[in-house]
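Derivation of every value follows stated rules applied to the coordinates shown; laboratory data play no part. All of these numbers come straight from a predicted model, not from anything done at the bench. Backbone-built Cβ (ideal geometry, glycine too); neighbour counts: all protein chains shown.
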Amino acid sequence: MYAVFKTGGKQYRATTGDILKIEKIEAETGALIDLDEVLMVGEGDDIQVGAPFLEGTKVTAKVLEQGRRDKITIIKFKRRKHHRKQAGHRQYFTCIQIEDVVTAGKKAAKKAAPKKAKAEKPAKTEAVSAPRFLDAAIDGKPDDLKKISGVGPVLEGKLNNLGIYHFSQVAAFTVEEIEQIDAELNFKGRIDRDDWLGQAKALAAGSDAE
């Protein structure tokens, strides 16, 4: 599911796990914030459009960083008028990671879920075995996994925590391992959607050639 929301006078399209830099919001690093000015929500062919906003819908995000963008220089110049003014500016931003897109229907489903989840937890733990790469040792210098489209510093850290450090490991993912990683990191099909395996094979081949 993706959402288009508005904040700071700008519109952003986001899905769960995306990392965005938006106009500054007063919040501490690590805090969860709700962005409730949602203009549109879509999942496959099912698209909901607000007028202008969707009631009962919000985007939940985690604040990763408060910072400032690169400096830009503003120059005002009038020819033959001895007029020249120069100033610099660095815009403030808030870096966030999208945690969830919550709709009115999704809230109702969450209330009914806990009773079943408690009873099923032991069965899930027994059924799912740890992927083989969890115990894999680092073989040489780790690859820069951020070269894979859609992988940022946060996702790279999560993959490293699972023992994934090399393009060759990603390229060798099996269907079962992809399902386990999706469940562990809440990727919701991102590996297949962004073709991580194809990208990793190409990057691994390039590393071997070097």
**Message:** Place a point 7 Å from the Cα of Asp70 along the Cα-to-Cβ direction; which residues of segment 78-92 have their backbone N under 14 Å from it?
**Reply:** 89-91
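Which of the pairs Lys6/Lys81; Lys76/Lys147; Lys24/Lys146; Lys71/Lys147; Lys71/Lys201 have their Cα atoms more than 32 Å apart in this structure? Kindly include the intermediate steps, with their values, before the conclusion.
Numbers: Lys6/Lys81 43 Å; Lys76/Lys147 40 Å; Lys24/Lys146 25 Å; Lys71/Lys147 26 Å; Lys71/Lys201 38 Å.
From the list (Lys6/Lys81; Lys76/Lys147; Lys24/Lys146; Lys71/Lys147; Lys71/Lys201), the Cα-Cα distance tops 32 Å for Lys6/Lys81; Lys76/Lys147; Lys71/Lys201.
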**Request:** Using the Karplus curve 6.51 cos²θ - 1.76 cosθ + 1.60 with θ = phi - 60°, work out ³J(HN,Hα) for each residue of segment 62-75 in order, rounded to whole Hz, and write x for Gly and Pro.
**Result:** 10, 7, 9, 6, 10, x, 9, 6, 4, 6, 10, 10, 10, 10
**Request:** First check a/c for segment 148-201, with a ≥ b ≥ c the square roots of the eigenvalues of its C-alpha gyration tensor; if it is under 1.5, answer rounded, and if not, answer prolate when a/b is larger than b/c or oblate otherwise.
**Result:** rounded
**Request:** Pairs of Cα atoms under 8 Å, at least six residues apart: use those to get the relative contact order of segment 17-112, whole percent.
**Result:** 35
**Message:** 5 Å is the cut-off here: which amide hydrogens, built 1.01 Å from N in the peptide plane, fall below it relative to Asp100, excluding neighbours closer than 5 in sequence?
**Reply:** Thr60
**Prompt:** Once fully extended, how much extra length lies between Ser168 and Lys201, figured as 0.36 nm per residue of separation less the alpha-carbon to alpha-carbon distance?
**Reply:** 11.2 nm
**Fill in**
Here segment 29-36 yields Karplus 3J(HN,Hα) values (6.51, -1.76, 1.60; θ = phi - 60°; whole Hz; Gly and Pro given as x) of 4, x, 7, 9, 10, 10, 10, 9
